[in-house]
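*Asks:* This is the structure I want to talk about, given as structure tokens.
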2 protein chains.
Amino acid sequence: MSSQTAVSANTEYSIVAGDQVLDTPLIAVDLDLLQRNIAEMAALAASHGVALRPHAKTHKSPHIARLQLEAGAVGLTCAKLGEAEVLVEQGGVTDILIAYPIVGDIKIQRLLQLLERARVIVAVDTHQAAAVLSQAISANDRALEIYVEVNTGQDRAGARAGQEAVDLAVAVSRMPGLRLVGIMTHEGHAGFSSPDDIALIAENAGRALVGTAERIRGQGIEVAHVSVGSTPASWFTPRVPGITEMRPGTYVFHDNNAFRHGRIGPDRCAARVVSTVVSRPAPNRAIIDAGSKALALDPSPSHPGHGFIVGHPNATIARVSEEHGVVTLPQPEPGFDVGDRLEIIPNHICPAVNLTDELVIIRDGHVVDHWPVAARGKVR
Amino acid sequence: MSSQTAVSANTEYSIVAGDQVLDTPLIAVDLDLLQRNIAEMAALAASHGVALRPHAKTHKSPHIARLQLEAGAVGLTCAKLGEAEVLVEQGGVTDILIAYPIVGDIKIQRLLQLLERARVIVAVDTHQAAAVLSQAISANDRALEIYVEVNTGQDRAGARAGQEAVDLAVAVSRMPGLRLVGIMTHEGHAGFSSPDDIALIAENAGRALVGTAERIRGQGIEVAHVSVGSTPASWFTPRVPGITEMRPGTYVFHDNNAFRHGRIGPDRCAARVVSTVVSRPAPNRAIIDAGSKALALDPSPSHPGHGFIVGHPNATIARVSEEHGVVTLPQPEPGFDVGDRLEIIPNHICPAVNLTDELVIIRDGHVVDHWPVAARGKVR
């Protein structure tokens, strides 16, 4: 068996040096790269003149939330109440947007408790959910800040940009206990477009949102925040005049999906799944200990297979089952003997992080800390 | 908002009754169905005249491992050492197969510790991994039982059935500290075939394995165990004369993948993701709170989309992102108002279980217990 050092020597952008103390598979995070990514997005937000409210779904880590706040973020964004609870309780976060409808009595009770400890803004996109929230909040003599979620082309959730969203915003502004403070969109569809189209699609989404905000204001209703969010669109949507806030998530780590648009390469990817070759059943096939339980199963639009093996651009993780990655090699090459280690940039880093309990923090190639993924699995 | 009871009334195979105490998404397990599935597979193994060594990867639960042992299983199977550690420490399991190569010093040290507490058999499929194990085991004056893993057509890991596997088995039988006690295959490829082909493919795999065992015995080496494993192939491979053991996993719960072969329908699926409708942005589109972080992302070969919504065969979970499921409805139908609850049979239950920290145990429609998924995320 060759040592991991041999892999590193072959690997231009390796972040893990000779640490044979690491058991695999695991997620290693290069602290310098992480901090560079955090600083650069903070600078980008400042250059757009918008507030930065990063989405915590990527890291699920109170440590990283704190780094983002220290770099100037105004608060955090979460998808689920459970993530928000962890960031407030363990990360000391005091300003948080739950960019997801709160539906059901149990969640409303949890929200009321969380409001005792932090500023919480909640997204709504239906009259039904807003009405139930209004009743519960006003019955408890509380006030809740609301963003109306607007569909600007992703066609997932959200009231349609234009009259439908205006009607919902007007209705929310009149509901007891609710205070409309902004509108938001997730222009995630821009990130799935080609490099030629992303600017156009992102800016159209931004303009649709700003236009909707203007129409709500035309009804005499204040709309303080006009919020967009999606890492690949970060260079485009927030520069639309009238946007006030951006909520990118993936940028802290970046991933294989980011390569498509040309701004980000492997050298900027701060998180890698470190994996060991456990079998070599054929010259053109190696088996690694990272399968779908380490890499997740999200496809990449820009690269075949299930992740980018750093330093081995010709190798493809052609198939994964839960604990096996099947690597195909067009030509046998060094680095795939039993016991060799590989660094893999997942196609989509967010679900990969959701599969692990801790991040192994690396500086200058060596382990310096372990950070729990404290909000892992908080789907409720 | 309609109550969940309305959904149940519409749902022939619903397992959760009116329990509004449940926050979603979660995985609910019907205890009677679970025990029926466990008993039926035990009876099937007995009818084949083979030992049952179920794969714990599906449930990752010491509770369910104990139910399997009580029903007559000879021991458990795991993919990773970390799963085995949990079953031994928390489930009192004393006989376990790690059906995966053990590679790396840290894992070998953990294996030596586990051998103090349980019978552990380890799979090997390369000379390299076997030689390193042999050195470490013999240096510690221990003995380790080995299954040689054989590739019978899945083309993932495994020495090729025939001469390659015979050579490896002979080599292992001569290595100090290692004791060859069996050979194994995972004929998972049979499960991906059509209903017309599965018997043929499974039996061919079984015959290739038995033939390899005979050739090893022809070298004067005893092969006590000839082990196969895959739930969909359970009705076929183990009936090949010479097979002594079967290792199905998914059968405890079954899932959407199982429907293809016609033996299993929704009424036999013991585990469901319970989800809430959180938005209804259009008459033909509903948003549920179960996305890829609740359902996983494995495709189904027999059903479009990301899971089967019990009682709603025309609805399709057409897209998922991490926290959103986008349900499309060809015609609007009851059950998809904001606040309604749905039971979803995932395409592949094993990775869905790996995303949650506990199983909510249901009997006669009501919660009777919570079982931790104690070996969740144990990829090392």
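The values are calculated or read from the model by the stated rules, or taken from the named source; none is laboratory data. Remember, it's a predicted structure, so these values are computed and weren't measured experimentally. All Cβ positions, glycine included, derive from the backbone under ideal geometry; neighbour counts span all protein chains shown.
*Asks:* When the residues of the range A:298-325 are filtered to those that are touching a Pro at 6+ places or on another chain (Cβ under 7 Å) and of a type outside the set (Asp, Glu), which remaining residue is nearest to A:Thr356 (Cα to Cα)? Before the answer, list the steps.
*Replies:* First pass over the range A:298-325, keeping only residues touching a Pro at 6+ places or on another chain (Cβ under 7 Å): A:298, A:307-308, A:310, A:314, A:316, A:322.
Subset that is of a type outside the set (Asp, Glu): A:307-308, A:310, A:314, A:316.
On the way: A:Gly307: 17, A:Phe308: 19, A:Val310: 20, A:Asn314: 27, A:Thr316: 23 Å.
Checking each candidate, the answer is A:Gly307.
*Asks:* Does the range A:171-189 contain any residue that is in contact with a Pro (Cβ under 8 Å, 6 or more places away or on another chain) and of a type in the set (A, V, I, L, M)? Write out each step before concluding.
*Replies:* Within the range A:171-189, the subset in contact with a Pro (Cβ under 8 Å, 6 or more places away or on another chain) is none.
No; the residues of the range A:171-189 include none that is in contact with a Pro (Cβ under 8 Å, 6 or more places away or on another chain) and of a type in the set (A, V, I, L, M).
*Asks:* A further question follows. Please give the number of the condition B:Val148 fails out of (1) closer than 25 Å to B:Thr94 by Cβ; (2) surrounded by fewer than 23 Cβ atoms within 10 Å (Cβ to Cβ); (3) touching a strand residue (DSSP E or B) at 6+ places or on another chain (Cβ under 6 Å).
*Replies:* (2)
For every residue, the table says whether it meets (1) among the acidic types (Asp, Glu); (2) touching a Cys at 6+ places or on another chain (Cβ under 6 Å); (3) within 29 Å of B:Thr250 (Cα to Cα).
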| site | (1), (2), (3) |
| --- | --- |
| B:Glu323 | yes, no, yes |
| B:Leu329 | no, no, no |
| B:Pro334 | no, no, no |
| B:Asn347 | no, no, yes |
| B:Leu355 | no, no, yes |
| B:Glu358 | yes, no, yes |
| B:Asp364 | yes, no, yes |
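*Asks:* Keeping to the range A:190-202, report how many residues are more than 19 Å from A:Pro54 (Cα to Cα) and crowded, with 18+ Cβ neighbours inside 10 Å. Step through it out loud before you land on a result.
*Replies:* Restricting attention to the range A:190-202, the residues satisfying the condition of being more than 19 Å from A:Pro54 (Cα to Cα) are A:192-201.
Remaining after also requiring crowded, with 18+ Cβ neighbours inside 10 Å: A:193, A:198, A:201.
So the answer is 3.
*Asks:* Under 6 Å between Cβ atoms, at least 6 apart or on separate chains: pull out the pairs that start in the range B:176-200 with a residue that is among the hydroxyl-bearing types (Ser, Thr, Tyr) and end on any residue that is assigned to a loop (DSSP other than H, G, I, E, B).
*Replies:* As it stands, the answer is B:Thr185/B:Thr152, since those pairs meet every condition given.
*Asks:* Given the conditions (1) under 30 Å from A:His189 (Cβ atoms); (2) within 14 Å of chain B (Cβ to nearest Cβ); (3) without any contact (Cβ under 8 Å) to a residue 60 or more places away in the chain, report the number of the one that A:Arg119 does not fulfil.
*Replies:* (2)
*Asks:* Only one of (1) among the β-branched types (Val, Ile, Thr); (2) outside any helix (DSSP H, G or I); (3) under 16 Å from the mean Cα position of the chain (by Cα) fails for B:Val21. Which number is that?
*Replies:* Evaluating B:Val21 over (1) among the β-branched types (Val, Ile, Thr); (2) outside any helix (DSSP H, G or I); (3) under 16 Å from the mean Cα position of the chain (by Cα) leaves (3) as the failure.
*Asks:* Let me ask something else about it. When A:Ala165 is evaluated against the numbered criteria (1) surrounded by fewer than 20 Cβ atoms within 10 Å (Cβ to Cβ); (2) within 14 Å of another protein chain (Cβ to nearest Cβ); (3) part of a helix (DSSP H, G or I), which criterion, by number, is the only one it fails?
*Replies:* Condition (1) is where A:Ala165 drops out.
*Asks:* Further question: Only one of B:Gly158, B:Gly153 is within 14 Å of chain A (Cβ to nearest Cβ) and in contact with a Pro (Cβ under 7 Å, 6 or more places away or on another chain); which? Walk me through how you get there before you give the answer.
*Replies:* Values: B:Gly153 fails: in contact with a Pro (Cβ under 7 Å, 6 or more places away or on another chain).
Only one candidate passes the filter, namely B:Gly158.
*Asks:* Looking at the range A:50-80 only, could you name the residues that are closer than 19 Å to A:Leu114 by Cβ, without any contact (Cβ under 8 Å) to a residue 60 or more places away in the chain and of a type in the set (D, E, K, R)?
*Replies:* A:Arg66, the sole residue that qualifies.
*Asks:* Checking A:Ala6 against (1) at pLDDT below 65; (2) within 14 Å of chain B (Cβ to nearest Cβ); (3) surrounded by fewer than 20 Cβ atoms within 10 Å (Cβ to Cβ), only one condition comes out false. Which one?
*Replies:* Unmet for A:Ala6, out of (1) at pLDDT below 65; (2) within 14 Å of chain B (Cβ to nearest Cβ); (3) surrounded by fewer than 20 Cβ atoms within 10 Å (Cβ to Cβ): (2).
Condition check ((1) of a type in the set (S, T, N, Q); (2) assigned by TED's automatic domain parsing to the domain that holds A:Ala17; (3) buried (at least 24 other Cβ atoms within 10 Å of the Cβ)) across all residues:
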residue: A:Ser279; (1), (2), (3): yes, yes, yes
residue: A:Asp289; (1), (2), (3): no, yes, yes
residue: A:Pro301; (1), (2), (3): no, yes, no
residue: A:His312; (1), (2), (3): no, yes, no
residue: A:Gln331; (1), (2), (3): yes, yes, no
residue: A:Asp337; (1), (2), (3): no, yes, no
residue: A:Ile344; (1), (2), (3): no, yes, yes
residue: A:Asn347; (1), (2), (3): yes, yes, yes
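*Asks:* I'm checking my understanding of the structure. Among residues of the range A:168-189 that are within 14 Å of chain B (Cβ to nearest Cβ) and part of a helix (DSSP H, G or I), which one is surrounded by the fewest Cβ atoms within 10 Å (Cβ to Cβ)?
*Replies:* Selected residue: A:Gly188.
*Asks:* Here is a follow-up. Of A:Asp340, A:Asp364, A:Asp369, A:Asp357, which residue is touching a strand residue (DSSP E or B) at 6+ places or on another chain (Cβ under 6 Å), among the charged types (D, E, K, R) and more than 22 Å from B:Asp155 (Cα to Cα)? Steps first, please.
*Replies:* Details: A:Asp340 fails: more than 22 Å from B:Asp155 (Cα to Cα); A:Asp364 fails: touching a strand residue (DSSP E or B) at 6+ places or on another chain (Cβ under 6 Å); A:Asp357 fails: touching a strand residue (DSSP E or B) at 6+ places or on another chain (Cβ under 6 Å).
From the options A:Asp340, A:Asp364, A:Asp369, A:Asp357, the qualifying one is A:Asp369.
*Asks:* Any chance the range B:230-250 includes a residue that's aliphatic (A, V, I, L, M), within 13 Å of chain A (Cβ to nearest Cβ) and crowded, with 22+ Cβ neighbours inside 10 Å?
*Replies:* Looking only at the range B:230-250, we keep the residues that are aliphatic (A, V, I, L, M), and these are B:233, B:240, B:243, B:246.
Restricting the remaining residues to those that are within 13 Å of chain A (Cβ to nearest Cβ) gives none.
Taking every residue of the range B:230-250 in turn, none turns out to be aliphatic (A, V, I, L, M), within 13 Å of chain A (Cβ to nearest Cβ) and crowded, with 22+ Cβ neighbours inside 10 Å.
*Asks:* Kindly provide the set of residues from the range A:290-302 that are over 11 Å from A:Val327 (Cα atoms) and in contact (Cβ under 8 Å) with a residue 60 or more places away in the chain, ordered by number. Before the answer, list the steps.
*Replies:* First pass over the range A:290-302, keeping only residues over 11 Å from A:Val327 (Cα atoms): A:292-302.
The answer is A:Lys293, A:Ala294, A:Pro301.
*Asks:* What about A:Val327, is it touching a residue at least 40 places away in the same chain (Cβ under 8 Å) and either more than 27 Å from A:Ile64 (Cα to Cα) or surrounded by 24 or more Cβ atoms within 10 Å (Cβ to Cβ) (or both)?
*Replies:* Numbers: touching a residue at least 40 places away in the same chain (Cβ under 8 Å): yes; either more than 27 Å from A:Ile64 (Cα to Cα) or surrounded by 24 or more Cβ atoms within 10 Å (Cβ to Cβ) (or both): yes.
Yes, satisfied.
*Asks:* Could you grab me the full set of residues in the range A:58-79 that are among the charged types (D, E, K, R) and buried (at least 24 other Cβ atoms within 10 Å of the Cβ)?
*Replies:* Of the range A:58-79, the ones among the charged types (D, E, K, R) are A:60, A:66, A:70.
Hit for the range A:58-79 is A:Lys60, nothing else.
*Asks:* Scan the helices (runs of 4 or more DSSP H) fully inside the range A:68-162 and keep the ones with 2 or more residues being more than 15 Å from B:Ile287 (Cα to Cα) and basic (Lys, Arg). Working first, answer last.
*Replies:* On the way: elements: A:81-91, A:105-115, A:127-139.
Passing ranges, in order: A:105-115.
*Asks:* Suppose we keep only residues that are small (Gly, Ala, Ser) and surrounded by fewer than 21 Cβ atoms within 10 Å (Cβ to Cβ) within the range A:80-106. Which one would you say is farthest from the other protein chains (Cβ to nearest Cβ)? Working first, answer last.
*Replies:* So in the range A:80-106, the residues small (Gly, Ala, Ser) come out as A:82, A:84, A:91-92, A:99, A:104.
Then drop every residue that is not surrounded by fewer than 21 Cβ atoms within 10 Å (Cβ to Cβ), which leaves A:82, A:92.
On the way: A:Gly82: 9, A:Gly92: 24 Å.
If we take residues in the range A:80-106 being small (Gly, Ala, Ser) and surrounded by fewer than 21 Cβ atoms within 10 Å (Cβ to Cβ), then A:Gly92 is farthest from the other protein chains (Cβ to nearest Cβ).
*Asks:* If you check B:Ala129 against the conditions, is it facing another protein chain (nearest Cβ under 9 Å) and under 18 Å from A:His324 (Cβ atoms)?
*Replies:* When the stated conditions are applied, B:Ala129 passes them.
*Asks:* Sticking with this one: Do we find a residue being at pLDDT 95 or above and touching a His at 6+ places or on another chain (Cβ under 8 Å) anywhere in the range A:26-46? Before you say what the answer is, go through the steps one by one.
*Replies:* We begin by selecting, within the range A:26-46, every residue at pLDDT 95 or above; these are A:26-46.
Retained after the next criterion (residues that are touching a His at 6+ places or on another chain (Cβ under 8 Å)): A:37.
Yes, the conditions are met somewhere in the range A:26-46.
*Asks:* Would the range B:363-374 turn up any residue that is at positive phi and in a loop (DSSP other than H, G, I, E, B)?
*Replies:* yes
*Asks:* Going by what's in this entry, would A:Gly206 be described as assigned to a helix (DSSP H, G or I) and at pLDDT below 95? Working first, answer last.
*Replies:* On the way: assigned to a helix (DSSP H, G or I): yes; at pLDDT below 95: no.
Here the answer is no, as A:Gly206 does not meet what is asked.
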